[in-house]
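Each remark here refers to the structure printed beneath this line.
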Amino acid sequence: MGALSPLGHDWPTVEARLKSRRNAVQVMEEWKQYDGLNTQVGAPAAPFELPPQTYSRKTMRGMGRVALLATRASELALSDAGLLGDPLVKSGRMGISYGSSAGTPANMGDFGRMITEKTTEGITATTYVRMMSHTAAVNIGVFFGVTGRIITTSSACTSGSQGIGYAYEAIKLGRQVAMLAGGAEELDATGAAVFDTLFATSTKHNETPELTPKPFHAQRDGLVLGEGACTLVLEELEHARARGARIHAELIGYGTNSDGRHITQPHAETMAQAMRLALEDAGVAPSAVGYVNAHGTATEHGDIAETTATNLVFGERMPISSLKSYMGHTLGACGALEAWMSIEMMRSGWFAPTLHLERETVDPHCGPLDYITGEGRRIQTDIVMSNNFAFGGINTSLVFRRWE
């Protein structure tokens, strides 16, 4: 597993930040220049360095920031898997399943200027490559010489989780031995504007970013956008065992479906069905799951629908929390980042609380669940679930099992 996140880029750093109960949200000074943009807070990825011997002007020519984040996270994941430079990567037996909401917005702007100003000035041979929706997956493939299948999952907030899910299915069907799977997103004011128009962004804490977002809270005021990338190396079990791989966890279930009702209004019943599909695929009962990592965006409709759905599947006893309270909504990256962190929390036996939330401040309209608050929770469990839900009514659920 490899990641670049607002909280840090390795688990010890991230875990320390989670335990400090401090978020990574900050005032985005450059957003103040946009007339009409109401939210002015975001959570950029923490600073990171690129090895100059591999990240040259030539190798990065077709990369915007989202592709660069994805490629570096994949490099860290391959290194963690002991596969960096391994013949498997270029053999055709390894593929890629990866997504982002979109490509680099600045390059979309280049074409926007062409339409409004009737000039191609500023458009180069790489402008489209940087802005295309599958730029992250394609750039990963070119950078590492991957010749297996590429599955592109540009499905907004489920891009990362669908990337993992479809990679799992490709291996399960015997089409690939291993897959680079996950998602990425760069932080940009245009993304904030999307949610601003839906009155879904946090606007009351533009001067106090440490107090937002507040998933499940009765006084939440909307989501905060974040940035990052995360790649999981999925590998067929016997192949991993044969080469002596260090296995972090086993992915045992994946469920995905669609609401078929509304583009932006989530539907609890189909969200619950996605969770049931994942449990059925995993061959485990709801009672076997010890923790659910929530999508938890801090929007009213989303929080209520998701928690209602979770209650329908698990009842009131289920421990649940949202990592977006720390790092904001990383859109295409969130499914992968939250899967990684859920696996690590399962391995450590400590689960982070939802920031800013107390039992008495939970929105009474949210489904009755065991909301993790305060200092977090010690839970010994062998199975966790990570859920994500996206525009278009796309629902995903992943089930991970501890590997001893």
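The values are calculated or read from the model by the stated rules, or taken from the named source; none is laboratory data. Quick caveat: nothing in here was measured; it's all calculated off a predicted structure. With ideal geometry, Cβ positions are generated from the backbone for all residues, glycine too; neighbour counts draw on all protein chains shown. Side chains are part of the model used for accessible areas, which takes the heavy atoms of the whole protein and leaves out ligands, DNA and RNA. Shrake-Rupley method; radii C 1.70, N 1.55, O 1.52, S 1.80 Å.
In segment 8-135, the portion of solvent-accessible area held by carbon and sulfur atoms comes to 52 percent [1.4 Å probe, whole percent, DNA, RNA and ligands not counted].
Once the Cα-Cα distance is subtracted from the 0.36 nm per residue extended length, the Arg61 to Thr381 segment shows a gain of 110.7 nm.
If you look at the Cα atoms of segment 1-104, you get an Rg and a Dmax of 16.8, 52 Å. When all protein chains stay in place and ligands, DNA and RNA are ignored, the 1.4 Å accessible-area order of Thr119, Thr381, largest first, is Thr119, Thr381.
Counting only protein heavy atoms and using a 1.4 Å probe, the accessible area of Arg246 comes to about 140 Å².
Determine the per residue accessible area of segment 255-336 with all protein chains present and a 1.4 angstrom probe, expressed in square angstrom.
Result: 32 Å² of accessible area for each residue.
The base-10 log of I(q)/I(0) for segment 184-281, evaluated at q = 0.14, 0.17, 0.19 Å⁻¹, reads -0.88, -1.04, -1.10 [Debye formula, identical scatterers on Cα atoms, solvent excluded]. For the peptides 228-241, 333-346, 360-373, the ranking by packing is 333-346, 228-241, 360-373, with the highest mean count of neighbouring Cβ atoms within 10 Å listed first.
Ligands, DNA and RNA left out, the 1.4 Å accessible surface of segment 229-284 is 47% carbon and sulfur atoms.
Leaving out ligands and nucleic acids, note down the accessible area per residue over segment 348-404 with a 1.4 angstrom probe, in whole Å².
I get 39 Å² per residue for this part.
The alpha carbons of the chain give a radius of gyration and a Dmax of 19.9, 61 Å, in that order. Between Gly374, Gly62, Gly112, the GNM of the chain built on Cα springs shorter than 10 angstrom shows Gly112 fluctuating the most.
How large is the Kirkwood hydrodynamic radius of segment 105-206, in angstrom, based on all distinct alpha carbon pairs?
After inverting the mean inverse Cα-Cα distance, the result is 16.2 Å.
For the chain, the relative contact order comes to 22 percent (Cα pairs under 8 Å, sequence separation of at least 6).
Setting aside same-chain residues fewer than 8 positions from Lys58, which lysines have a Cα under 23 Å from its Cα? Those lysines meeting the cut-off are Lys90. When you restrict to C-alpha pairs under 8 Å that are six or more residues apart and normalise by the size of segment 154-194, the relative contact order lands at 40 percent.
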